[in-house]
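K.L.:
A single structure is presented below for examination.
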Amino acid sequence: GIRSGDFIEGIDNEPVRQSPAKAAQLLRSKKVGDRVPYMWREAGTDRIQDAEIELESTRITDLGTYLVYCGLGLSYFLAGLYLFWNNPTLLPARLFYVLCIAFLIYFFSASERTAFYYWSDIFTRNMGALASLLLPPLFLHFFLVFPRERTMLRRRRWIVWLLYFLPALYYAEFTYLQLFGDRMASIGPLQQLTL
């Protein structure tokens, strides 16, 4: 009976409304097939309901779209691998390969899953966030060395470190919120715009 938009107030007789991390912690202690008491409030009302819900395995909600994403990710990976295989000593080829691996991870983790309470889901979401945060600086770094290294980059090597500094901070914040935060971890539009 829980629908999209309803607010989950409690799981296993514990309040979780303000803490997705606590909900994930409670559900990780369960296994597929366990019946867990849920308490939720219907969207737009003050009516509270409760029921025992049988936990199911994680499912991807739109398998067709996910398979397209996997195909795209694999295409990027193969293009990067081909270029790297033929030019392993060239910095642009190595950067392009890493960029293609980030695309692979991003597309493989870009799915709407029905639950995020298994460690595999947390790992998948975390790797997707890392790839998403690394794509902009990797892309810029690639074009700073392709087709040839820019003069300003040769004189100021710290620019490369600066490119990856913000993504590292954002990733640390995302991981902290994902594991210990009191709200759902996400990469916001401001972070993406900054990158």
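The values are calculated or read from the model by the stated rules, or taken from the named source; none is laboratory data. What you see is a predicted model; the values in this text were computed from it and never measured. Note that we place each Cβ from the backbone using ideal geometry, even for glycine, and neighbour counts take in every protein chain shown. We work out accessible area using only protein heavy atoms, side chains counted, and drop any ligands, DNA or RNA first. Shrake-Rupley method; radii C 1.70, N 1.55, O 1.52, S 1.80 Å.
K.L.:
Relative contact order of the chain, please, whole-number percent, based on alpha carbon pairs below 8 angstrom and at least 6 residues apart.
P.N.:
Working: 251 pairs, mean separation 39.8, N = 195.
Relative contact order of the chain: 20 percent.
K.L.:
Also, quick follow-up: For segment 152-168, just list the computed ³J(HN,Hα) in residue order, Karplus coefficients 6.51, -1.76 and 1.60, θ = phi - 60°, integers in Hz, with x standing in for Gly and Pro.
P.N.:
Karplus values, whole Hz, x for Gly and Pro: 4, 6, 5, 7, 10, 5, 5, 4, 4, 4, 5, 4, 9, 5, 4, x, 5.
K.L.:
Under 14 Å from the Cβ of PHE143, count the other residues' Cβ atoms, weight Lys and Arg +1, Asp and Glu -1, and hand me the total. Show your work: numbers first, answer last.
P.N.:
Numbers: positive: ARG148, ARG150; negative: GLU149.
It works out to a net charge of +1.
K.L.:
Roughly to the nearest percent, how much of the accessible area of the chain is carbon and sulfur, given a 1.4 Å probe?
P.N.:
Working: 7710 of 12270 Å².
So the carbon and sulfur contribution to the accessible surface is 63 percent.
K.L.:
Through the Karplus equation 6.51 cos²θ - 1.76 cosθ + 1.60, θ set to phi - 60°, convert the phi angles of segment 82-93 into ³J(HN,Hα) values in whole Hz; use x for Gly and Pro.
P.N.:
Here the 3J(HN,Hα) series is 4, 5, 5, 4, 7, 9, x, 8, 7, 4, x, 5 Hz.
K.L.:
Also, quick follow-up: Would you calculate, for the chain, the mean residue ellipticity at 222 nm contributed by helices, counting each DSSP H stretch of 4 or more residues as -39,500 (n - 2.57) and dividing by all residues, to the nearest 500?
P.N.:
Working: 7 runs with 113 residues, N = 195.
Computed mean residue ellipticity for the chain: -19000 deg cm²/dmol.
K.L.:
Near the amide H of VAL36, under 5 Å away, which other amide H atoms are found, from residues 5 or more places off or on another chain, if H is placed in the peptide plane?
P.N.:
It is ILE53, GLU54, LEU55, by chain and number.
K.L.:
Diagonalise the Cα gyration tensor of segment 1-96 and give the resulting equivalent ellipsoid semi-axes, square root of 5 times each eigenvalue, largest first, whole Å. Show your work: numbers first, answer last.
P.N.:
Numbers: eigenvalues 398, 46, 39 Å².
In descending order the semi-axes read 45, 15, 14 Å.
K.L.:
For the residue pair ASN86 and GLU9, what label-to-label distance in nm results when each label sits 7 Å from Cα along the Cα-to-beta-carbon direction?
P.N.:
Calculated label separation equals 6.3 nm.
K.L.:
Please work out the ratio of the alpha-carbon Rg of segment 146-195 to 2.2 N^0.38 Å and round it to two decimals. List each step's numbers first, then the result.
P.N.:
Working: Rg = 15.3 Å, N = 50, 2.2 N^0.38 = 9.7 Å.
Relative to the 2.2 N^0.38 Å estimate, segment 146-195 comes out at 1.57.
K.L.:
Which ³J(HN,Hα) values in Hz, rounded to whole numbers, follow from the phi angles of segment 141-146 under the Karplus curve 6.51 cos²θ - 1.76 cosθ + 1.60, where θ = phi - 60° and Gly and Pro get x?
P.N.:
4, 4, 6, 7, 10, 10
K.L.:
How high is the relative contact order of segment 1-78, in percent, counting Cα pairs under 8 Å that sit 6 or more residues apart? Before the final figure, lay out the partial values.
P.N.:
On the way: 85 pairs, mean separation 20.5, N = 78.
Averaging sequence separation for qualifying contacts and normalising by length gives 26 percent for segment 1-78.
K.L.:
So, one more: Dividing the convex hull volume of the alpha carbon atoms of segment 22-75 by its residue count, what do you get in Å³ per residue?
P.N.:
Details: hull volume 7.9 nm³, N = 54.
Roughly 147 Å³ of hull volume per residue.
K.L.:
Separate question: Considering amide H positions built from the backbone, and no H for Pro or chain starts, which residues 5 or more places from ASN87, or on another chain, come under 5 Å of its amide H?
P.N.:
Placed amide hydrogens put nothing under 5 Å from ASN87.
K.L.:
Shifting gears a bit: Which entry is the computed P(r) over Cα pairs in 10 Å bins from 0, in percent for this structure: (i) 11, 38, 34, 11, 3, 2, 0; (ii) 8, 26, 29, 19, 11, 6, 1; (iii) 8, 24, 31, 23, 12, 2, 0?
P.N.:
Looking at P(r) over Cα pairs in 10 Å bins from 0, in percent for this model, the match is (ii).
K.L.:
Give me the accessible area per residue for the chain, probe 1.4 Å, as a whole number in Å². The partial results should precede the final answer.
P.N.:
Numbers: 12270 Å² over 195 residues.
Per residue, the chain has 63 Å² of solvent-accessible surface.
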